[in-house]
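Novice: If you scroll down you'll find the structure; I have some questions about it.
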Amino acid sequence: MFEPANEFVINQLIGLNDEDELKLLKFLNLHYLGDEDCYELVDGVMVLKYPEKETPKFKAAKYRASSKLFVSLKLTYDVDGRCTVEVLDGL
């Protein structure tokens, strides 16, 4: 038998869509490299324009930007069925 409830905790995998991820990567490129487009076509192959500037910090930022993450969300519904969301934990 289910008890009445209006609060629920869900775990959800979230991340940016492809277009927004590209915008974020361009932002990081501009910040770390001074150029939003850090690749160029050389003999039919995409290569870094500035390989000497690709620091471990920059690589880590790019990796985190394209990663998905789990978040715990608390959903609370009022008597009119409207929902409020609280982020409990994000990894």
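Novice: Anything in region 1-27 that is assigned to a helix (DSSP H, G or I) and within 22 Å of LEU75 (Cβ to Cβ)? List them, or say none.
Specialist: none
Novice: Residues of region 48-79 being without any contact (Cβ under 8 Å) to a residue 60 or more places away in the chain and touching an Asp or Glu at 6+ places or on another chain (Cβ under 8 Å), which ones?
Specialist: Those that are without any contact (Cβ under 8 Å) to a residue 60 or more places away in the chain and touching an Asp or Glu at 6+ places or on another chain (Cβ under 8 Å): LEU48, LYS49, TYR50, ALA65, SER66.
Only the coordinates and a few stated rules stand behind these numbers; no lab work does. Being a predicted model, the structure only gives us computed values, none of them experimental. Neighbour counts are summed over all protein chains in view; Cβ atoms, including those assigned to glycine, are modelled from backbone coordinates with ideal geometry.
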